[in-house]
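Take a look at the structure set out below.
The values are calculated or read from the model by the stated rules, or taken from the named source; none is laboratory data. This one's a predicted model, so the numbers in the text were calculated from it and none came from an experiment. Don't worry about glycine lacking a Cβ; one is built from the backbone with ideal geometry, like all the others, and counts go over all protein chains shown.
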Amino acid sequence: MRILSWRLIVALIIGVSLVSLASSWYEVQAQKDALRRDLDHKAETLGESLAGTAELYLATQDHAGLEQLVEHFSNREHLAGIGVYGRDQSALVVTPGLNTSLPGITQLLKDSIRDNRNISAFTRLRFKRVHVLAAPLHGTDKTVIGGILVVHDTGYIRTEIFRIWSRVFVRIAIQVLVIAAITLLIVRWSLTGPVARVAVWMRALRTGQHAVRPAATDFDFLFPLAREVAPLAESMQRARAAAVVEAGLRNANESQWTAERLADHVRNRLGGSSLFVVSNREPYIHSRRDNSVTVTVPASGLVTAIEPILCACNGTWVAHGSGDADAETVDAHDRIKVPPEEPRYTLRRVWLSREQEEGYYYGFANEGLWPLCHIAHARPIFRASDWEHYYDVNQKFADALIQEIAGQENPVVLIQDYHFALLPRMLKERLPHARVAIFWHIPWPTPESFEICPWQRELLDGLLGADLIGFHVRSHCNNFLNTVDRILESRVDWEHFSVKRKDHLTSVLPFPISVEFSGDLPEADRELTSGEERSAVLAELGIEATFLGVGVDRVDYTKGILERFQAVESFLERYPSYQSKFTFIQIGAPTRSRIKRYAEFQSEVEAEANRINARFKRGRWRPIVFLNRQHDRHEVERYYRAAHVCMVTSLHDGMNLVAKEYVAARHDERGVLILSRFTGAARELHDAIIVNPYDVMATGEAIAQALKMDVSEMGERMRRMRRSVKEHNIYWWAGSLIGALCELRLEQNPDTRRADPDRVSAEM
Ligand code: GDG
């Protein structure tokens, strides 16, 4: 940094000095010219007045008069002397000591008399620089009768120029000092300081200590560097955490699933096969903001689970390109390499028209299949036009996949969710050698419920194109097999959980999805304890409370948000001592608001919160805080850590990840989970307080039980739940699913190709 400072200072000084010198030189020249012109003019004026009188004395041969005249003028400022000469240039009267007999000067006089005109010049008189004016003298008849010389000493001009140059050099010296000081300050403020702070940050990252990221202003010109370092540090931290976890597990003789282990597992299972994932939602969305393109990762457990697999085997993810800058970031084949900071796999985007999105996504999938599969007492809406769009979009994704798979010998395809029920069959018909699985993230209803769907046969047939169908829990598998048994001509093998139809065998197995479990960081290593986090959250919200409850959901009518609010109301009614003390915070991310039922539900939730608040509210305390916006993952985690109790009261839910996220976030082994028995999570998290959300009073009682729970019981329950989530985390889910799919043999003989349900996933 010292060398850089010196280089900067020297370069600036040389540059500024050169510019200063050049401009001063012009200034000095101008000043010199002005002084010379001034002297010229002064000499002319003096010469004129001298000549008038000298001509009279010369005409009358008055030598004494001439001498008087010369003497009278001789003491003028800067005047070196005067000389009066006859026509033959003979000196008549000359200021004593002035030697005008030098050749240059006599020549001037001669020329002036000969040409009858004034002549002036700057010349030397021995060692002196002088200005000489030679002028003719006229007789009464206007004939030239002589001449005069007026000689000025020009030394004062040099003195003046010297003074100007001295001032210039002083000015340059001051400039040099100021420039050096400013450069040193800038280097210190903008370079040395920020670089030192960023270096401290990087050292902390490298050594795994608590690292406070420097202010954004510090990054300024270091921003490109920071952009590269941040993900690097994150991967390092992850790797370090994984190593710590693995070392701990080795000691305890356990083995936990990590992203690295999953990647390794998938590489082994796939061998040379290529992996293709299909989902409606894409993992990276490009959007245009303020003339630049930004990329966001939707908050979804799916990206966490699927990304390491795709990275490990350089796979392809096919999804709907929904960002407004998506089209401008792909290549000619609609592909883009992701993750943006370290491209490892291909995202292939599929474009949908507004009508297609409306019909396929909002219509058939979310107004039809979603309420059909959830027992939440919302009437499914089936429109023929929506069905057509659903069919067309499935076909469109099939076409895109076929293009991507072209030439692959053993492709493995993992399809996500109820948006693509027809895709497995469409694929298999054109690519029988592909290994295809679909994971259904929502519940599967009873056959009686499913039967109301006008396209029940097509949906089932489409799904049975897959080699493997995954659900969260065994009861959804059972419902599915019962539905197939009742509606389609096929053979259901209850022993091996498979269906044979048209000579094709499909395994139907449970794979309970989960969350990432970031490890057991001691509370001391966290920035804030849960108590501090709680105080911070309350201060930010501007409310007062002693106990906090939290709920995190999309504002969806299946999540039991109204019932939850009513349970809070019932609790406060039955336990008035908690009024002014217990506040329930509901994070409600807006969702599918273009659908009428969702828009209505949103208003119902707001109205219910307002009603209960109006009833109990006191001073700065409120029973319910409804935060109706999308929060980022870190914000959600803060609320989990701050809350004494987390409420998951879904009326029906495939799994419900919030329950597992709450458990994973409680490193302090505190907090109580209240969990609806109608969630998939309730089959695993037995240590939650399990409730029937329709029984509002009992759910209110569960809140009381949670708040009064003894710390040792709370710790015991939380420890057991954490063990379960840690063991069955998201990587375990992805590993089981891919493992089961790769284990299937594609021969049509059920006895040789079936997967062992107990080997590939936990019995649910
Ligand atoms: C389906 C099935 C199954 C919510 N609000 C915000 C936010 N969230 C996050 C939660 C959680 C996720 O959304 C919701 O998880 P769910 O499990 O409740 O999922 P659904 O959206 O209903 O999805 C469900 C799931 O698929 C997986 O298979 O479990 O049964 O219905 O992760 O934290 N996240 C952020 N901000 C919010 O405001 N960042």
message: I'd like to know if segment 433-440 contains one or more residues that are at pLDDT 95 or above, of a type in the set (D, E, K, R) and within 16 Å of the ligand (Cβ to nearest atom).
response: no
task: Among the numbered conditions (1) within 12 Å of the ligand (Cβ to nearest atom); (2) free of Cβ contacts under 8 Å to residues at least 24 places away in the same chain; (3) within 25 Å of Leu372 (Cβ to Cβ), tell me where His634 comes up short.
output: (3)
query: Is one or more of the residues making up segment 596-606 within 13 Å of the ligand (Cβ to nearest atom), surrounded by 17 or more Cβ atoms within 10 Å (Cβ to Cβ), modelled with pLDDT of 95 or more and in a helix (DSSP H, G or I)?
result: yes
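Any residue at all in segment 706-714 that is in contact with a helix residue (DSSP H, G or I) (Cβ under 6 Å, 6 or more places away or on another chain) and touching a residue at least 24 places away in the same chain (Cβ under 8 Å)? Spell out how you get there, then give the answer.
Step one: of segment 706-714, the residues in contact with a helix residue (DSSP H, G or I) (Cβ under 6 Å, 6 or more places away or on another chain) are none.
Among the residues of segment 706-714, not one is in contact with a helix residue (DSSP H, G or I) (Cβ under 6 Å, 6 or more places away or on another chain) and touching a residue at least 24 places away in the same chain (Cβ under 8 Å), which makes the answer no.
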message: Cβ-Cβ distance below 7 Å, separation of 6 or more or different chains: which pairs start in segment 651-674 with a residue that is touching a residue at least 40 places away in the same chain (Cβ under 8 Å) and end on one that is acidic (Asp, Glu) and within 12 Å of the ligand (Cβ to nearest atom)?
response: Val658/Asp553
- request: With respect to Arg717, determine if the residue is assigned by TED's automatic domain parsing to the domain that holds Gly551 and either within 14 Å of the ligand (Cβ to nearest atom) or under 23 Å from Phe565 (Cα atoms) (or both).
  value: no
task: Filter the strands (runs of 3 or more DSSP E) completely within segment 457-518 down to those with at least 3 residues that are touching a residue at least 24 places away in the same chain (Cβ under 8 Å).
output: 468-471, 498-501, 504-510
- request: For Met647, state whether it is buried (at least 23 other Cβ atoms within 10 Å of the Cβ), in a loop (DSSP other than H, G, I, E, B) and not β-branched (Val, Ile, Thr).
  value: no
- request: Restrict the check to segment 688-695 and report whether at least one residue is farther than 20 Å from His374 by Cα and either hydrophobic (A, V, I, L, M, F, W, C) or within 14 Å of the ligand (Cβ to nearest atom) (or both).
  value: yes
message: Just checking, does segment 398-407 include any residue being of a type in the set (D, E, K, R) and either modelled with pLDDT under 95 or under 21 Å from His441 (Cβ atoms) (or both)?
response: no
query: Can you tell me how many residues in segment 370-405 are among the aliphatic types (A, V, I, L, M), within 16 Å of the ligand (Cβ to nearest atom) and surrounded by fewer than 23 Cβ atoms within 10 Å (Cβ to Cβ)?
result: 3
- request: Give the residue, chosen from Ile543, Ile587, Ile561, that is under 35 Å from the mean Cα position of the chain (by Cα), modelled with pLDDT of 95 or more and surrounded by fewer than 21 Cβ atoms within 10 Å (Cβ to Cβ).
  value: Ile543
task: Please state which of the following conditions Leu509 fails to meet, knowing it meets all the rest: (1) away from the ligand (no atom under 16 Å from the Cβ); (2) at pLDDT 95 or above.
output: (1)
- request: Output the residues belonging to segment 189-215 that are in a loop (DSSP other than H, G, I, E, B) and of a type in the set (Lys, Arg).
  value: Arg213
query: On the given criteria, is Ala643 over 34 Å from the mean Cα position of the chain (by Cα) and either in contact (Cβ under 8 Å) with a residue 40 or more places away in the chain or within 16 Å of the ligand (Cβ to nearest atom) (or both)?
result: no
message: Condition check: within 15 Å of the ligand (Cβ to nearest atom) and out of contact with any His (no Cβ under 6 Å at 6 or more places or on another chain). Does Pro576 satisfy that?
response: no
query: In segment 663-701, which residues are within 38 Å of the chain's Cα centre (by Cα) and either surrounded by fewer than 24 Cβ atoms within 10 Å (Cβ to Cβ) or in a loop (DSSP other than H, G, I, E, B) (or both)?
result: Ala664, Ala665, Arg666, His667, Asp668, Glu669, Arg670, Gly671, Ala682, Glu684, Leu685, Ala688
- line: Within segment 297-318, restricting to residues that are within 21 Å of Val658 (Cβ to Cβ) and in contact with a strand residue (DSSP E or B) (Cβ under 7 Å, 6 or more places away or on another chain), the one that is nearest to the ligand (Cβ to nearest atom) is Leu302
- prompt: Among the residues of segment 442-452, is any surrounded by fewer than 23 Cβ atoms within 10 Å (Cβ to Cβ), more than 16 Å from the ligand (Cβ to nearest atom), assigned to a loop (DSSP other than H, G, I, E, B) and not polar (S, T, N, Q)?
  reply: yes
